[in-house]
Amino acid sequence: MSSQNPSDQVPDYGQYVPPTDQHGTPGAQHGQPGQPGQQGWPGQQPPYGPPAQQGQYPPQGQYPPPGYQGGPAAPLSPADTKTWASLSHLLGGILGFLAPLVIWLVFRERSHVVDAEAKKALNFQIPVALVLLAANWVLPGFLSGLVVLGVWVASLVLGIIAFQAVSNGRPTSYPIDVKIVK
């Protein structure tokens, strides 16, 4: 039985040799000049990590690699928390329930304040959307337009009031508090 030095088993990645074309010209495959032991242009930083070897990386199109366990998202800073919590109300008043829904889905695990405020905005904007939908279906044309405009303006004003309250660190509440999203 022959003993091998452990350093003999680990390949040396100190000298990276660029891929060659069919004629053996280093770097010509990518249109880059090269010398043996040099990657790309002189003075260029070598690529990160060891060179890819056959079978070392997952097949093309498989990302993330099998077995990858994504880490938890970093918590929001206090400034970002205030920004996103207040924007959930303002954008909810302007755009409807989709803005607080997206903000809630993206940031709910990163900040409990954004989670709570986006849910408040969402729980207000969903009934507003249902009222707008019902007004369009039930009421005749001109009356429907007046109701839709009035409900949208009221939603916008309440969204601005809630935006200012969150921006100033005060608690928020809406006149309609239906717990649709819990």
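Annotations for the structure displayed:
- Of all residues in region 100-118, those satisfying the criterion of being within 14 Å of the chain's Cα centre (by Cα) and not aromatic (Phe, Trp, Tyr) are LEU101, VAL102, ILE103, LEU105, VAL106, ARG108, GLU109, ARG110.
- Qualifying residue in region 128-136 (condition: of a type in the set (S, T, N, Q) and either closer than 19 Å to ILE160 by Cβ or assigned to a helix (DSSP H, G or I) (or both)): yes
- Subset of region 91-112 [assigned to a helix (DSSP H, G or I) and either surrounded by fewer than 17 Cβ atoms within 10 Å (Cβ to Cβ) or of a type in the set (S, T, N, Q) (or both)]: ILE94, LEU95, LEU98, VAL102, LEU105, VAL106, HIS112
- Residue in region 72-86 that is open to solvent by less than 40 Å² (accessible area, probe 1.4 Å) and among the small types (Gly, Ala, Ser) present: yes
- For region 134-163, the set of residues classified as in contact with a helix residue (DSSP H, G or I) (Cβ under 8 Å, 6 or more places away or on another chain), open to solvent by 50 Å² or more (accessible area, probe 1.4 Å) and not aliphatic (A, V, I, L, M) consists of ASN136, TRP152, PHE163, listed by residue number.
- Cross-chain or 6+ apart pairs with Cβ under 6 Å, region 65-78 first and over 10 Å from GLU109 (Cα atoms) and at pLDDT 65 or above, then surrounded by 10 or more Cβ atoms within 10 Å (Cβ to Cβ) and of a type in the set (Asp, Glu): none
The values are calculated or read from the model by the stated rules, or taken from the named source; none is laboratory data. Treat the numbers as computed from the prediction; the structure is a model and nothing was measured. Positions of Cβ are generated from backbone atoms using ideal geometry, with glycine treated the same way; all protein chains shown enter the neighbour counts. Side chains included, ligands, DNA and RNA excluded: accessible areas come from the protein's heavy atoms. Shrake-Rupley method; radii C 1.70, N 1.55, O 1.52, S 1.80 Å.
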